[in-house]
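Heads up, the thing below is written out as structure tokens.
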Amino acid sequence: MTDYFKGIAPVTYEGPESTNPLAFRHYNPDEVILGKTMRDHLRFAVAYWHNFVWEGGDPFGGRTFDRPWFPADSMELAKLKADAAFEMFEILGVPYYCFHDHDIRPEGASLQESADRLNEMADYVAPKMEGGTQLLWGTANMFSHRRYMSGASTNPDPDVFAYCASTVKTCMDVTHRLGGENYVLWGGREGYETLLNTDLDRELAQMGRFLQMVVEYKHKIGFKGAILIEPKPQEPTKHQYDYDVATVYGFLQRFGLENEVKVNVEQGHAILAGHSFEHELAMARALGVFGSIDMNRNDYQSGWDTDQFPNNAPEAALAYYEVLRAGGFTTGGTNFDAKLRRQSIDAEDLIAAHVGGMDICARGLKAAAAMIADDALEAPRRARYAGWESADHLSESATLESVAAYAEAGQIDPQPVSGGQERLENIVNRYV
């Protein structure tokens, strides 16, 4: 045990009337909704990086957080950090956590030392996971170190590609050993700053072959979890190849991976791509690649990924509506890829932020489930497309000529029908 969260009791559900800032008002993990508990619907996870690695800096100033494990540049401090992390997981009662290799072990002087340190830390956290918080997904940080300034698998230097292969192999092995339910690839530097020095065709081919290697290795080691790509359009790279869900799907199809890889959709990344969160989730569902979500929000006055904790119940309701329409999570879950504001320096702030985020997600889930149970949105949607139930315009036997002949024989004169958007928005507002 550490002293960092000393005096903070485990968070419990106290109901909507509670004024306790460290109690759940809406998230009751044992409450059953649409045949499943809220715990099983939401599958909450805590992000290791923002909570235990980020120091509170920004482009204009350095560290504001004072954590006893900073700078975590030794194995001793890395283990202290792990102790604190699992204490926080227990206080929140979250079923999962997520990590990058860089989060839980300090960088070694060589590739092998970094791998050895990751395996040592896996041995250290494994007993902590027994009967407690499990691993939702692992991933490799291939964007922070200067070796990745020109990309990871897309780097012009084939030795960097090889370095990445070894790093991902080690991370997949550790994720598999710790019972992780997914493995995530986020290509923070997989893109370009300028086309003047970029061979676009070559870089896309490198990225595609790398992902094929990852899938091949997954099957070789018997990893049963999902391989997930996390789309993002920009920041840190000017243009990233995994721009949004549709772009990722096209990439997967090109390399024959559309049945092997799914997506981990982040709210903040959807906004950066010019979409809404629910759009990206609906697209993932429609394309059959929905996997997991990173829950957060962006500051709408800022043009970058601010990774704030969610606090908008209507947005959460529409997001979980799409999650439920996709059949809910299987191996995926709700990872809070969110960080405190740099002025929020107390240990209690870490707990309060997650309590609020978990409550917002719970409110969203309950609203979404109620809309589905009441057929509130699906009934008008079905009515809007009802004409297609008897139409054969898209049958295999239909041709352009046959559909044109139908139109000409019937002397049809279709008239516009209201989409009723405002009424539907009012329906959503009744539930949230």
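Things to note:
- Any helices (runs of 4 or more DSSP H) falling wholly within segment 331-418 and containing at least 3 residues that are loosely packed, with under 15 Cβ neighbours inside 10 Å and without any contact (Cβ under 8 Å) to a residue 12 or more places away in the chain: 378-384, 400-410
- Verdict on VAL168 being open to solvent by less than 10 Å² (accessible area, probe 1.4 Å) and aliphatic (A, V, I, L, M): yes
- Meets criteria (touching a Phe, Trp or Tyr at 6+ places or on another chain (Cβ under 8 Å) and surrounded by 16 or more Cβ atoms within 10 Å (Cβ to Cβ)) for TYR241: yes
- Conditions (1) in contact with a strand residue (DSSP E or B) (Cβ under 6 Å, 6 or more places away or on another chain); (2) open to solvent by 20 Å² or more (accessible area, probe 1.4 Å); number of the one not met by ARG25: (1)
- For segment 153-161, the condition holds for at least one residue, the condition being that it is part of a helix (DSSP H, G or I) and surrounded by 16 or more Cβ atoms within 10 Å (Cβ to Cβ).
- Residue match in segment 51-61 (condition: among the polar types (S, T, N, Q), closer than 22 Å to ARG117 by Cβ and at pLDDT below 95): no
- Filtering segment 51-60 to residues that are open to solvent by less than 60 Å² (accessible area, probe 1.4 Å) and either within 12 Å of GLN343 (Cα to Cα) or touching a Pro at 6+ places or on another chain (Cβ under 7 Å) (or both) leaves GLY56, GLY57.
- Residue that is modelled with the lowest pLDDT [pool: residues in segment 188-220 that are surrounded by 14 or more Cβ atoms within 10 Å (Cβ to Cβ) and outside any helix (DSSP H, G or I)]: GLY188
- Residue check, ASN141 open to solvent by 10 Å² or more (accessible area, probe 1.4 Å), within 24 Å of ALA226 (Cα to Cα), assigned to a loop (DSSP other than H, G, I, E, B) and not hydroxyl-bearing (Ser, Thr, Tyr): yes
- Just one of (1) closer than 27 Å to VAL11 by Cα; (2) open to solvent by 40 Å² or more (accessible area, probe 1.4 Å); (3) outside any helix (DSSP H, G or I) fails for LEU80. It is (3).
- Residues satisfying the stated conditions in segment 31-50, i.e. in contact with a helix residue (DSSP H, G or I) (Cβ under 7 Å, 6 or more places away or on another chain) and open to solvent by less than 10 Å² (accessible area, probe 1.4 Å): MET38, LEU42, PHE44, VAL46, TYR48
- Matching option when the condition is at positive phi, modelled with pLDDT of 95 or more and of a type outside the set (Phe, Trp, Tyr), among ASP337, ASP349, ASP375: ASP375
- Given (1) in contact with an Asp or Glu (Cβ under 6 Å, 6 or more places away or on another chain); (2) of a type in the set (Gly, Ala, Ser); (3) closer than 26 Å to LYS238 by Cα, index of the condition ALA319 fails: (3)
- First in segment 118-139 and under 20 Å from GLY93 (Cβ atoms), second anywhere and surrounded by 20 or more Cβ atoms within 10 Å (Cβ to Cβ) and of a type in the set (Asp, Glu), Cβ under 8 Å, 6 or more apart: GLN134/GLU181; LEU135/GLU181; LEU136/GLU181; TRP137/GLU181
The values are calculated or read from the model by the stated rules, or taken from the named source; none is laboratory data. Bear in mind that the values here come from a model prediction, so they are computed numbers and not experimental data. So basically every Cβ, Gly included, is an ideal-geometry build from the backbone, and we count neighbours across all protein chains shown. For accessibility, only protein heavy atoms count, side chains too; no ligands or nucleic acids. Shrake-Rupley method; radii C 1.70, N 1.55, O 1.52, S 1.80 Å.
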